[in-house]
1. Mind computing the radius of gyration and Dmax over the alpha-carbon atoms of the range 4-104? Å is fine for both.
2. Kirkwood hydrodynamic radius for the range 52-169: how many Å is it when counted over pairs of different Cα atoms?
3. Ratio of the range 2-211's C-alpha Rg to 2.2 N^0.38 Å, to two decimals?
4. So what J values fall out for the range 41-54 if you push phi through Karplus, 6.51 cos²θ - 1.76 cosθ + 1.60 with θ = phi - 60°, rounded to Hz, Gly and Pro as x?
5. Pop out the ³J(HN,Hα) list for the range 179-193 in order, Karplus 6.51 cos²θ - 1.76 cosθ + 1.60 with θ = phi - 60°, rounded to Hz; leave Gly and Pro as x.
6. Which of Ala101, Val184, Val60 sits farthest toward the positive end of the charge dipole of the chain, with +1 on the Cβ of Lys and Arg and -1 on the Cβ of Asp and Glu?
7. Using a Cα-Cα cut-off of under 22 Å, which lysines could be cross-linked to Lys96, ignoring same-chain neighbours fewer than 8 residues away?
8. What size of dipole, in debye to the nearest 20, comes out for the range 2-211 about its Cα centre when the only charges are +1 on Lys and Arg C-beta atoms and -1 on Asp and Glu C-beta atoms?
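A short reminder: the numbers here are calculations on the coordinates, not readings from a lab. Because the structure is a prediction, the values reported are computed rather than measured. Note that we place each Cβ from the backbone using ideal geometry, even for glycine, and neighbour counts take in every protein chain shown.
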Amino acid sequence: MKKLHDVRKGVHDELVSTRLIRDILDGKPDLAAYARYLMNVRYYAQFSPVVMALGASRCVATHPELAGYLLQHADEEKGHDAWALADLEDLGVTRKEALAARPVDSCQALVGYVHFLAGHDRAIGLFGWMFVLEAVGNDLGGIAGQKLGEGLGEARSAVRFVAGHGVADTDHTREIIEQIDRYVTTPEDQSAVLRASEVVAGLYVRMFREFGGETATWA
């Protein structure tokens, strides 16, 4: 699906223009903004396996191969929120503070949207969500993890979440593309996946603008 790759390029270009990512790639990370990023990814990462398993249950009858992949991927995503908690601890944020932090608007909207896809709308659209997040990790995770490690000083170990996804998401991106190419074959399914990728891309970029203080969040 060529249009999916256009979404991938678009979200990459938008992300590298955000203040948070620019500072990281310049080797001068804003620690407060990075901590906000980790608190938010911790928040949504805890729901990812649940969303994938819920979506799988609704795909069993119509797309059994995709249901199997969703369950496999759900298992692989378990515990990733703990990576973010460990990184936050290295930044001086206690577990209690991290768990009490509320997500920015766009993060909560993203979590609500993928729950809606999985439980009520076209669950196959979850492959658009997964494609965007895995592609971002693949395209930016490795270099961002390296630059963070160089720029965080004594807290250089606080890159588990970013660096870990930079490694794992290379294989995941390839696998998801293969699943989409093989099993997302009807115009209706392709439209659902593309639409989800566009919504997720927009919310994901907005998250980074909120983390860096470029876009206001509701009080």
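1. Every Cα atom of the range 4-104 included, Rg and Dmax give 16.8, 50 Å.
2. It is 15.8 Å.
3. Working it through for the range 2-211, the quotient is 0.99.
4. My calculation for the range 41-54 gives 5, 4, 5, 7, 5, 5, 8, 4, x, 5, 4, 5, 5, 4 Hz in order.
5. 3J(HN,Hα) across the range 179-193, in whole Hz: 5, 5, 4, 7, 10, 9, 10, 8, x, 5, 5, 4, 5, 5, 5.
6. Farthest along the dipole direction, towards plus: Ala101.
7. Within reach: Lys78.
8. I would put it at about 400 debye.
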